[in-house]
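**Student:** Here's a structure for you.
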Amino acid sequence: MRDAFAAELTVLGGECRELVFLSGDIGNRLYDKYKEQYPDRFLNCGVAEANMIGMAAGLALCGLRPVAYTITPFITTRCLEQIRVDLCYHNLPAIVVGVGAGLSYATLGGTHHACEDIAFLRVLPHMTVICPGDAWEARAALRGALEVDGPVYIRLGKKGEPKVHERAPSFAVGKGIVLHEGKDACLLSTGNTLPIAVAAGEKLKAGGVSAGVVSLHTVKPLDEELLSEVFARYRVVVTIEEHSRIGGLGGAVAEWLADHPAPKARLLRIGTPDAFFHEAGEQEYAREKLGLTSQAIAEKTLAALR
């Protein structure tokens, strides 16, 4: 996902002369092509993320389009005040990009886990939150973010995630992408759990359950029209995310549902628990332990349907 993002950033650097890339001392080799082509629009801000957000605000006030990029918890949790006051308060068109979201850096321990970032940023006024589900969506998310006249948070995985789309999908900020239609359950995924949601849908189909699968890549603003449709159509609607069940996609949909009582469906939220993950292991191990595998999701969905 991050490789696709870097490639798209390099292309967009030639299309948008106002684009400036700020790095929190990571991704140097990954962005070599960008630096070679636009050396005066690349700034390595070092391990000073709060300062980087302040720089992004200043650049945006000068009419430029800054993209600030580093590891997710360091560009969200560490500098939440600067995002809130410097960017959101002034409604500035700056893009904040967190790489390695969720449990992508599971081997590095709790300092590098990011299972609260959607919750932190979606409550901020003016902020748009986009969580692409594969490499194609990551490219489209960056293009879409540049069209937003205000602050945007893009939440990326790390590398090696399976591609769900065969080609670039039709992508619009605030509009979900329907991958599969169904009749019984609808799986709403955001971010890097999209391949897992697709696999869970296939397992359900093999067991005789008709499951729809949707990439709800934009957590704020939500696609309210799509939510109205799926809650009126399906028996169970499942939100899937590598993020806490509190405050993320599941929380956002639950809030929407409180104001729009569903005529038919019940909501099932699948995500990480309200607890720190203290074990060490690869991302797949963490997902297995926390019930974020396709098998676990299919089983929970079946239980809800019963």
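The values are calculated or read from the model by the stated rules, or taken from the named source; none is laboratory data. From a predicted model like this one, the values you see are computed outputs, not experimental measurements. Because the Cβ atoms are built from the backbone with ideal geometry, glycine has one as well, and the counts that use them run over all protein chains shown. Surface accessibility is based on the protein's heavy atoms, side chains included, excluding ligands, DNA and RNA. Shrake-Rupley method; radii C 1.70, N 1.55, O 1.52, S 1.80 Å.
**Student:** Which number comes out as Rg/Rh for the range 169-306 once both Rg and the Kirkwood Rh are worked out on C-alpha atoms?
**Tutor:** 0.95
**Student:** To continue, here is another question. With 15 Å as the cut-off, how large is the P(r) tail for the range 256-306, expressed as percent of Cα-Cα pairs?
**Tutor:** Value for the range 256-306: 58 percent of Cα pairs lie more than 15 Å apart.
**Student:** Pop out the ³J(HN,Hα) list for the range 23-33 in order, Karplus 6.51 cos²θ - 1.76 cosθ + 1.60 with θ = phi - 60°, rounded to Hz; leave Gly and Pro as x.
**Tutor:** Result, ordered by residue: 10, x, 6, 9, x, 4, 5, 4, 10, 4, 5 Hz.
**Student:** Along the charge dipole of the range 151-234, pointing to its positive end and built from +1/-1 on Cβ of Lys, Arg, Asp and Glu, which listed residue (PRO195, VAL213, GLY182) has its Cα farthest out?
**Tutor:** PRO195
**Student:** If I compute solvent accessible area with a 1.4 Å probe over the protein chains, what percent of it on the range 31-163 is carbon and sulfur?
**Tutor:** Heavy-atom surface of the range 31-163 belonging to carbon and sulfur, 1.4 Å probe: 54 percent.
**Student:** Also, I was wondering about something else. Which residues in the range 62-104 have a backbone N closer than 16 Å to a point placed 7 Å from the Cα of TYR285 along the Cα-to-Cβ line?
**Tutor:** Only 103-104 pass the distance filter.
**Student:** I want to check the label-to-label distance for GLU255 and ARG29. Put each point 7 Å from Cα in the C-beta direction and report it in nm to one decimal.
**Tutor:** 4.1
**Student:** Hey, how many Å between the Cα centroid of the range 228-306 and the Cα centroid of the range 69-128?
**Tutor:** After rounding, the separation between the Cα centres reads 21 Å.
**Student:** Which loop trypsin sites (Lys or Arg not before Pro) in the range 1-66, with loop taken from DSSP, have no more than 13 other Cβ atoms within 10 angstrom of their Cβ?
**Tutor:** Here the sparse-neighbourhood loop sites are ARG17, ARG29.
**Student:** When the distances between all Cα atoms of the range 216-261 are binned every 10 Å from zero, what whole-number percent does each bin get?
**Tutor:** Each 10 Å bin holds this share of Cα pairs: 26, 62, 12.
**Student:** Let me ask you something else. As an exercise, find the ratio Rg/Rh for the chain from alpha-carbon atoms, using the Kirkwood inverse-distance average for Rh. Display every interim value, and only then the final one.
**Tutor:** Details: Rg = 18.7 Å, Rh = 19.3 Å.
Rounded to two decimals, Rg/Rh equals 0.97.
**Student:** Right, here's the next one. Dipole magnitude of the chain about its Cα centre, charges +1 at Lys/Arg Cβ and -1 at Asp/Glu Cβ only, in debye to the nearest 20?
**Tutor:** I would put it at about 500 debye.
**Student:** Please state the Cα pair-distance histogram of the range 36-182 with 5 angstrom bins from zero: what percent is in each bin?
**Tutor:** In order of increasing distance, the bins hold 2, 10, 19, 21, 21, 15, 9, 3, 1, 0 percent.
**Student:** Hey, what number do you get for the chain at 222 nm if only DSSP H runs of n ≥ 4 count, each worth -39500 (n - 2.57), divided across all residues, to the nearest 500?
**Tutor:** About -10500 deg cm²/dmol.
**Student:** Calculate the spin-label point distance for SER210 paired with ALA232, positioning each point 7 Å from the Cα along the beta-carbon direction, and give it in nanometres.
**Tutor:** Modelled inter-label distance: 1.8 nm.
**Student:** Calculate, for the chain, the solvent-accessible area per residue in square angstrom, rolling a 1.4 angstrom probe over the heavy atoms of the protein chains.
**Tutor:** On the way: 12890 Å² over 306 residues.
Result: 42 Å² of accessible area for each residue.
**Student:** Under the Kirkwood approximation applied to all pairs of distinct alpha-carbon atoms, what is the hydrodynamic radius of the range 1-47 in Å?
**Tutor:** Details: mean 1/r = 0.0939 Å⁻¹.
Roughly 10.6 Å, rounded to one decimal.
**Student:** For the chain, take the longest principal axis of its alpha carbons; what is the angle in degrees between that and the long axis of helix 194-206, to the nearest 10 within 0 to 90?
**Tutor:** 10
**Student:** Can you list residues whose amide H is under 5 Å from ARG266's amide H, if they're 5+ apart or on another chain and H is modeled 1.01 Å from N?
**Tutor:** Amide H neighbours of ARG266: VAL236, VAL237.
**Student:** Jot down the per residue volume, in cubic angstrom and as a whole number, of the convex hull over the alpha-carbon atoms of the range 66-116.
**Tutor:** 64
**Student:** A follow-up question, please. In what order, largest first, do PHE74, PHE5 sit by accessible area if the probe radius is 1.4 Å? Provide the component values of the computation, followed by the final result.
**Tutor:** Details: PHE74 35, PHE5 0 Å².
Output order, biggest surface exposure first: PHE74, PHE5.
**Student:** Let me ask something additional. Could you go through the range 5-10 in sequence order and give the Karplus-derived ³J(HN,Hα) for each residue, using 6.51 cos²θ - 1.76 cosθ + 1.60 with θ = phi - 60°, rounded to whole Hz, and x for Gly and Pro?
**Tutor:** Result, rounded to whole Hz: 4, 4, 5, 5, 4, 5.
**Student:** Ignoring everything but the protein chains, give the 1.4 Å probe accessible area of HIS165 in square angstrom, nearest 10.
**Tutor:** Taking all protein chains as shown, HIS165 has close to 30 Å².
**Student:** Per residue, how big is the convex hull around the C-alpha atoms of the range 19-97? Give it to me in cubic angstrom, could you?
**Tutor:** Expressed per residue, the convex hull around the Cα atoms of the range 19-97 is 72 Å³.
**Student:** A follow-up question, please. Any chance you could look up the accessible area of ASP25 with a 1.4 Å probe, heavy atoms only, rounded to 10 Å²?
**Tutor:** Its accessible surface works out to 70 Å², give or take rounding.
**Student:** Considering only protein heavy atoms, with the full assembly of protein chains and a 1.4 angstrom probe, order TRP136, TRP256 by accessible area, largest first.
**Tutor:** Numbers: TRP136 70, TRP256 20 Å².
Reading off the accessible areas and sorting them downward yields TRP136, TRP256.
**Student:** At a probe size of 1.4 Å, how large is the accessible area of GLU81, to the nearest 10 Å²?
**Tutor:** Counting only protein heavy atoms, the figure is 120 Å².
**Student:** On a 0 to 90 degree scale, rounded to 10, what angle separates helix 224-233 from the longest Cα axis of the chain?
**Tutor:** So the helix axis and the longest Cα principal axis differ by about 10 degrees.
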